[in-house]
Structures are given as C-alpha cells and as structure tokens.
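Participant: Here it is, the structure in full.
The values are calculated or read from the model by the stated rules, or taken from the named source; none is laboratory data. Values in this document were obtained by computation on a predicted structure and should not be read as measured data. Note that we place each Cβ from the backbone using ideal geometry, even for glycine, and neighbour counts take in every protein chain shown. Quick note on the areas: whole protein, heavy atoms, side chains included, nothing else; ligands and nucleic acids left out. Shrake-Rupley method; radii C 1.70, N 1.55, O 1.52, S 1.80 Å.
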Amino acid sequence: MSDALNYQPDCLFCKIVKGEIPSNKVYEDDLCYAFYDIDPQAPTHFLVIPKAHIGSCGEITRGNSALVGRLFEVISQVTRDLGLTDFRVVSNCGAQAGQSVPHLHFHVLAGRDMTWPPG
Ligand code: 5GP
Ligand code: ZN
C-alpha cells in the first residue's frame with residue numbers, strides 16, 4: 001500500500017496520511033484525505049490532499065489527473081456537509097507562491113471576507 005501511495009518518508013503530509021503525525025480529520029476515503037490546517041487563516045480552513053504523494057499542481061499529468069477530480073469532489077462534498085456556500089480554494093505551487101509542504105494540497109478557506117488579488 002505504501003508503494004502505491006508513493007510514500008515519501010520525509011514528507012509531512014505522507015506522515016499525516018499514515019497517521020504517524022496526528023491530524024484533525026474532516027474526511028477520508030481510499031484516495032483522499034482532508035484535515036483542518038494547524039494554523040488556520042480563516043474561521044474554517046482545511047486541506048484536501050491525495051493519499052498518494054504528488055509534489056504539487058506542477059506534477060499533475062494525464063496519468064494522475066483523475067485523482068485531482070476526486071479531490072474537487074471532496075471539496076464540494078465537504079463544504080456542502082459543513083454548510084459552506086462561500087469559500088476559497090487555493091493551491092500554492094512552489095516556494096515563491098508560498099508552498100511550504102511539497103505534497104499536493106488544496107486549501108479550503110471560509111467564514112470571512114476574502115480580498116482579491118491575494119497577497
Ligand atoms: P502551503 O504553505 O504549502 O501552501 O500549506 C501548507 C499548510 O500546511 C499550511 O497552511 C500549514 O499551516 C499547514 N501545516 C503545516 N504543518 C502542519 C501539521 O503538522 N498539521 C496540520 N494540520 N497542518 C499543517
Ligand atoms: Zn507526501
């Protein structure tokens with residue numbers, strides 16, 4: 001199973017998927033995991049990730065993009081379950097864009113006014 005997930009021993013989110021680091025789970029299925037951000041930037045702030053290690057949006061290919069569709073199904077389902085109608089989905093790709101954990105993740109932020117353009 002670890003091989004199928006392309007487990008990276010140095011990756012924080014791979015460790016969260018494995019349960020080696022605790023997290024506050026919002027949703028889980030065979031392919032996807034969602035959990036609240038440890039440093040929330042909005043009243044509701046959770047992360048949706050593939051269980052398999054993919055580095056960032058820059059590593060999405062024809063071979064793994066169906067999984068990204070699943071992640072967006074999860075975003076739609078979980079926001080609906082939480083009663084959120086207005087929310088922002090963000091994925092930082094690369095250090096200059098603010099990515100600090102190199103395992104693909106979508107931030108879902110809600111519960112306050114959002115500005116545009118983002119900082
Ligand atoms: P990035 O900066 O890569 O776009 O997003 C990484 C996110 O992971 C940050 O918002 C950060 O607060 C969150 N994060 C970092 N370490 C942990 C952790 O151990 N647990 C949880 N739940 N979130 C974390
Ligand atoms: Zn990982």
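Participant: For the chain, with all protein chains present and a 1.4 Å probe, just round the carbon and sulfur fraction of the accessible area to a whole percent.
Facilitator: Details: 3670 of 7090 Å².
Percent of accessible area from carbon and sulfur atoms in the chain: 52.
Participant: Over the C-alpha atoms of the chain, what are the Rg and the largest Cα-to-Cα span, Dmax, in Å?
Facilitator: Expressed in Å, the Cα Rg and Dmax of the chain come to 13.9, 41.
Participant: What are the ³J(HN,Hα) couplings of the range 89-103, residue after residue, when phi is run through the Karplus curve with 6.51, -1.76, 1.60 and θ = phi - 60°? Round to Hz, x for glycine and proline.
Facilitator: Along the range 89-103, the couplings run 10, 9, 10, 7, 10, x, 4, 5, 7, x, 6, 10, 10, x, 9 Hz.
Participant: Would you list, by chain and number, the aspartates and glutamates whose Cα falls below 14 Å from the Cα of LYS51, excluding same-chain residues fewer than 8 positions away?
Facilitator: The reachable aspartates and glutamates, counting only those whose Cα sits under 14 Å from LYS51, are ASP3, GLU20, GLU28, ASP29, ASP30.
Participant: Which value in nm describes the separation of the simple spin-label points at LEU82 and LEU67, placed 7 Å from the Cα toward the beta carbon?
Facilitator: Taking the two extended label points, one gets 2.3 nm.
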